[in-house]
Structures are given as structure tokens and as C-alpha cells.
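Below is one structure; the comments refer to it alone.
The values are calculated or read from the model by the stated rules, or taken from the named source; none is laboratory data. These figures come from a predicted structure and were not determined experimentally. Heads up, the Cβs are rebuilt from the backbone with ideal geometry, glycines too, and the neighbour counts pull from every protein chain shown. Surface areas here come from the heavy atoms of the whole protein model, side chains and all, with no ligands, DNA or RNA. Shrake-Rupley method; radii C 1.70, N 1.55, O 1.52, S 1.80 Å.
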Amino acid sequence: LMTTSRSRSPRTSRVASMSEEGTLSSASVDWANLGFDVSETRGRAQAVWKDGEWGEVKFENGPYVQLHMFANVLHYGQEVFEGLKAYHCKDGLVRTFNDKANWERISKSSRRMMIPEMPYEFFQQMVDVAVRGNRAYIPPPEVCASGGSLYIRPVIFGCGPQVGLHASKEYIFLVMVLPVGPYFKDGFKAIPGEVVTDFDRAAPQGVGDVKCAGNYAADLVPLSGHKKRGFPIGLYLDPKEKKYCEEFNAANLVAITKSGTYATPESASILPSITNKCLMQIAKDRGMTAERRPLAFKDEAENWAEVGAIGTAAVICPIKSLTMGEKTWAFSEEAPTLKGLYDALTAIQRGEAEDPHGW
């Protein structure tokens, strides 16, 4: 856990002393009705890569970024991003959760998309500057205790002007934040899902394991379709055989089997969820068997007692059923095992429980 309510090193102390910053959780926000949507904040952290190196980290006011109309990202989509959260805890500290894992993942994504990497300390500094500069917009402890947080979105994209296809010669790194409530308004409440059979999320040797914008844009048509049919979430199968589970629209799949095993799919085209990895570790800490292996949907689903969609935004969203064609598989709506894992992880995130793994 990283504390940001006090300076951890000289590199962040200048940000903490900014007079316009305001005090913690002091913004004019309707905290009681906080949703998961874009809202006003003070600004973002920003740095530019040019001539082979990253420049100075700055706090920029306002929500707008100026780009050349031929910027690489607008035409060739050279972009990666991340998602993590900060919490204003009951002890007065503000904690970000497991940011090193986000740095490791954005570094892997950057290598695949030919985007310059950065040291962990530089990534930390960008996050610190964004959080400190928007400290007034961090939800208060009582709101964080009920599912609120400061959502942190690092984004790196090619901004250099070009018309030919090649890696950009310049990049902008932004870290923006938003005060958010629970991703699903009803909190830990089960929803129905549909198995997506007429679209693929990613190609076998593509960029399914990379957190880049194109993966999510490609999901908009299937997402719209199954929502119209009454299914808020869709589960993709592997693109080669249409047999093995991949992941939901924007979340990993976890199943608790009837024998109590924590099972999650293994595939080279699944985005490795940091939340999933943490929940898997907590399951092991509790003595559960935890497996990451190929899951053939039709062969396995009959043996699932609970199913969850796992990600940073929702942590765990229980799935009460999955429909494929004319057949529906039903699972526990209460999802007691997943609820226990959810409670354990969120208690660590909010600083209310011991963090034995240094997240």
C-alpha cells in the first residue's frame, strides 16, 4: 500500500504544498449520490516523451488536451492505459492499491504497442502528483467504506503528427482521476449474463492481453446487443474453437466450483486482471484450492456454484446466470464465497485489515 496523504519523499512534497489544492475531501460533491461517471476535478498529471526521454512531471489544470490533427493516436491508435484506485481511510491516510502491479502491466502493454517505458518511480510520481493535486475530490472515509474511491486512470498515447504507419516520435503520459461510487449502483448484487457466440474479443496472437483502447471499442457492438436482450454483461469464448472461456466484456471470469475451488481461465488472449490475482492469493491464504487453467464452458458450467466478473472498477460482480442460445446455467445470487473474498480484499484496500502481501 502506498500512502499519499503525507510526503513519502522530497519529490512529492512540492505538490502537497500547492495552495490551490484544498484539503482532503473538501470539494463541492454530492458524496451521498456518487456514481461511476465523468465529473469535475481540478486537473491531471502530465509528462511528454520526446527526443528519447521523458520530460518533467507537471500538474495541468483543466480536462482538455491539445493535439495535432495528425497525432498518431487519432489514426493508428497507439495507446495503452491502466486503472487503479485511491482510498481515504478511517485513519486519515490516503492509500493507493498495488500500484506496482499496474506499472508492470502498463510496461508490458507498452512493449507490445512500441510505446516508451518508464521507471516505477516515475510512474509513482505521476500518480502522486495527480492524487495530491486532486485531494479535495477524494471521497471521505465514510464514502470509501461504502464503495467509493478516487479512480485513477493512467494513459499513454502517441501524439506525434504523422500520416505513414510507424511508431510515434512523441508521447503524452496523463494520469487523470475521478471521484466514483460503486461501479454497479446496487453494489454486490448478482446480474444475468449471456455467452457471446457471434463475435470474438481478441485474436489468438493479437493484443487481447494488452490494455489498449481498441480492445474495448471492438466490444461495443456485442455489448449493445446483449444489453438490448436483457443481459448487462457478456462472456466471450476463445476465438479458435468457441469452446473455452475467455473473459467478460471488461472483466475476468472467476468460478467457485461446487467443491469450493477458485477457478479462472488460462489463455494468452486474456487481460491479466490485477484484482483477480489478488483475490486468487486471498483464496489460497484461506486454504482454498485456486486454479488458473483452460475452462471449457459447456463442460465446466454445470459444476459452478458461484460466478463473478472481476476487475478494478467493480472488484467482484456476482453473475446469477449465463445464457447460451436456448440454455441457461444458474448460479448462487448470494455468492457467499465470492462475497467473503470481496470483503477481505476491500478491507485491505481501505486499510482496515492487515496487508500481508505488501499491496
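Miscellaneous remarks
- Selection status of Ile319, farther than 14 Å from Thr257 by Cα, surrounded by 20 or more Cβ atoms within 10 Å (Cβ to Cβ) and under 22 Å from the mean Cα position of the chain (by Cα): no
- Test result for Gln78, of a type in the set (S, T, N, Q) and either surrounded by fewer than 22 Cβ atoms within 10 Å (Cβ to Cβ) or under 28 Å from Gly148 (Cβ atoms) (or both): no
- Taking (1) farther than 30 Å from His357 by Cα; (2) modelled with pLDDT under 95; (3) touching a Lys or Arg at 6+ places or on another chain (Cβ under 8 Å); (4) not polar (S, T, N, Q) in turn, Glu60 satisfies each apart from (2).
- Test: Thr197 is among the polar types (S, T, N, Q) and open to solvent by less than 50 Å² (accessible area, probe 1.4 Å): no
- Some residue of the stretch 234-249 being in contact with an Asp or Glu (Cβ under 9 Å, 6 or more places away or on another chain) and assigned to a helix (DSSP H, G or I): no
- For the stretch 81-112, a residue qualifies if it is over 13 Å from the mean Cα position of the chain (by Cα) and open to solvent by 40 Å² or more (accessible area, probe 1.4 Å), and the qualifying residues are Lys90, Asp91, Lys100, Glu104, Lys108, Arg111, Arg112.
- Within the stretch 245-273, the set of residues being farther than 19 Å from Arg201 by Cα and either of a type in the set (A, V, I, L, M, F, W, C) or at pLDDT below 95 (or both) comprises Ala255, Ile256, Ala263.
- In the set (1) at pLDDT below 95; (2) surrounded by fewer than 18 Cβ atoms within 10 Å (Cβ to Cβ), Pro182 fails one condition alone, (2).
- Taking helices (runs of 4 or more DSSP H) as the structural unit, those lying wholly within the stretch 262-359 and holding at least 3 residues that are under 30 Å from Arg112 (Cα atoms) correspond to 274-285.
- If only residues of the stretch 245-273 that are open to solvent by 20 Å² or more (accessible area, probe 1.4 Å) and within 12 Å of the chain's Cα centre (by Cα) are counted, the one that is nearest to Phe231 (Cα to Cα) is Ala250.
- Hits in the stretch 132-179 - residues which are closer than 21 Å to Ala347 by Cα, open to solvent by less than 10 Å² (accessible area, probe 1.4 Å) and among the hydrophobic types (A, V, I, L, M, F, W, C): Ile138, Cys144, Leu150, Ile152
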